[in-house]
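Q: Got a structure for you, written out below as structure tokens; questions coming shortly.
Every number in this text was worked out from the coordinates using simple rules, so none of it is lab data. Note that the coordinates shown come from a computational prediction; the quantities given were computed from them, not determined experimentally. No Cβ is skipped: glycine too gets one built from the backbone with ideal geometry, and neighbour counts run over all protein chains shown.
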Amino acid sequence: MNSRTPPSHPRLGAGRSPRAPDAAPRGPLSLRPLVGAAREGGLDLIRRRFEREHQARLTHFMPGLLGLMDADNAIVGAAGCRPAAGGALFLERYIDVPIEAAIAAETGEPVARHEVVEVGNLAAEGPGSARLLIVALTDWLATQGYRWVAFTGTRGLLNSFRRLGLAPRVLAPADPARMGDALPQWGRYYTQQPQVVFGEIPPAQRQLSRHPGTPGWWLDGE
């Protein structure tokens, strides 16, 4: 994804009580970069979830892909990442200025482009897995040295953030008119009124460490 050395894979522990339909998968879980055949498995999960939820048939994916793996080494969540320093972001088609300028205008703080990372193609086997994926991604991005994360979120995804006590800030609506010829492949995605949002990673990491559902998830990396 970038020139930084990847950290040890964060691992998540899980309780032994029976799973509810909305519960996270049992662990230990780990977040790993997906390459080769594992990347294809992550892309398959993303395609399936977007087709099921939005009747979308995606062909665009982030250059870096991370997978949330369960104790059986099955992929229960996946998300793509793109460092802003590496070039134009997918979501910058929705805004009229570079992402660092948009964040700076909203926060009143100076923002360097290398501090920003885009997350996209987020997919999980269920809401519980989605929330665990958010926690794992937040920790991973913090270890990579990023300060700001930006992404395009639907109502459902933003609700997962709210349930974790996080409130991403809105930059702009994701206007489907800016998708051009690629719009048809997104199915009903834009009926969910997606928005371009951002958040500051270190405070989010601290918030998640205090959330009632998160203590005990994190174990030492492999």
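Q: Would you kindly state how much longer the chain becomes between residue 175 and residue 155 on full extension, computed as 0.36 nm times their sequence separation minus their alpha carbon distance, in nm to one decimal? Walk me through the intermediate numbers first.
A: Working: separation 20, 0.36 × 20 = 7.20 nm, distance 1.48 nm.
Length gained, residue 175 through residue 155: 5.7 nm.
Q: Take every DSSP beta bridge with both residues inside region 100-222 and express the antiparallel ones as a percent of the total, to the nearest 5.
A: 75
Q: What is the mean projected area of the alpha carbon convex hull for region 83-164, to one decimal in square nanometres?
A: Average of the hull's projected areas for region 83-164 equals 5.7 nm².
Q: Can you tell me the relative contact order of region 11-219? Whole percent, Cα pairs under 8 Å, sequence separation 6 or more.
A: Result for region 11-219 is 24 percent.
Q: Taking N as the number of residues in region 11-219, what is its alpha-carbon radius of gyration divided by 2.2 N^0.38 Å?
A: Relative to the rule-of-thumb radius for its length, region 11-219 sits at 0.98.
Q: Determine the gain in length on full extension of the stretch residue 48-residue 105; use 0.36 nm per residue of separation and subtract their C-alpha separation, reporting nm with one decimal.
A: 16.8 nm is the gain from fully extending residue 48 to residue 105.
Q: Given a Förster radius of 30 Å and the C-beta distance between residue 72 and residue 205 as r, what FRET efficiency does 1/(1 + (r/R0)^6) yield to the nearest 0.05? Provide the component values of the computation, followed by the final result.
A: Details: r = 28 Å, r/R0 = 0.93.
That pair, residue 72 with residue 205, gives E of 0.60.
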